Amino acid sequence: MNYAKAIEAAANGCLPADFDQWDLADRAGWTVAHEAAAKGCLPADFSQWNLADRAGWTVAHEAAANGCLPADFSQWDLADRAGLTVAHEAAANGCLPADFDQWDLADRTGWTVAHEAAAKGCLPADFNRWDLADKDGWTVADIAAAQRDTD
């Protein structure tokens, strides 16, 4: 199957069950897997989460952006070129699992997953890492307080 046909099939959620050409990509590196993740139609046994476009945006980032990471996903530290991890993207979209515990994963500015979750108002009730600070000294507590003030 060529790229154009595979992208169309992925966009319509109708890739064949035995499809295995997930790395077919356009010039920007957008793969068939990225498209399937954008549409929420990756197979349950999908494992090529680290396929990345030219900006480093992985299939896992795309799945997190669309709230369709599998329950057993564990590659939270996959990062794009700016250092944004899959966990940051999941936090930004309010789809971190209840047992998530890698709050100190940070991008290049020191902004942690906890900072992102605090900014989105989705820290768990039992969160206790309030003193995590970014490179500018902003703690998770600071971000949570600022977020409450804007609500």
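Just a few scattered comments:
- Among residues of region 2-50, those that are more than 12 Å from Ala60 (Cα to Cα), assigned to a loop (DSSP other than H, G, I, E, B) and among the hydrophobic types (A, V, I, L, M, F, W, C), counted: 10
- Looking only at residues in region 57-85 that are in a loop (DSSP other than H, G, I, E, B) and among the charged types (D, E, K, R), the one that is surrounded by the most Cβ atoms within 10 Å (Cβ to Cβ) is Asp80.
- Residue in region 86-96 that is more than 19 Å from Ala144 (Cβ to Cβ) and surrounded by fewer than 14 Cβ atoms within 10 Å (Cβ to Cβ) present: no
- Region 57-87, residues that are modelled with pLDDT of 95 or more and out of contact with any helix residue (DSSP H, G or I) (no Cβ under 9 Å at 6 or more places or on another chain): Ser74
- Here region 22-54 is the region considered, the condition is being surrounded by fewer than 14 Cβ atoms within 10 Å (Cβ to Cβ) and either charged (D, E, K, R) or farther than 20 Å from Pro70 by Cβ (or both), and the residue that is farthest from the chain's Cα centre (by Cα) is Arg27.
- Selection of first residues in region 36-61 that are in contact (Cβ under 8 Å) with a residue 12 or more places away in the chain and at negative phi and of second residues that are among the small types (Gly, Ala, Ser) and in a loop (DSSP other than H, G, I, E, B), restricted to Cβ pairs under 6 Å at least 6 apart or on distinct chains, gives the following pairs, ordered by first then second residue: Lys39/Gly13; Cys41/Gly13; Asp53/Ala28; Asp53/Gly29; Arg54/Ala28; Arg54/Gly29.
The values are calculated or read from the model by the stated rules, or taken from the named source; none is laboratory data. Predicted model, so just to flag it, every value in this text is computed and none were measured. Positions of Cβ are generated from backbone atoms using ideal geometry, with glycine treated the same way; all protein chains shown enter the neighbour counts.
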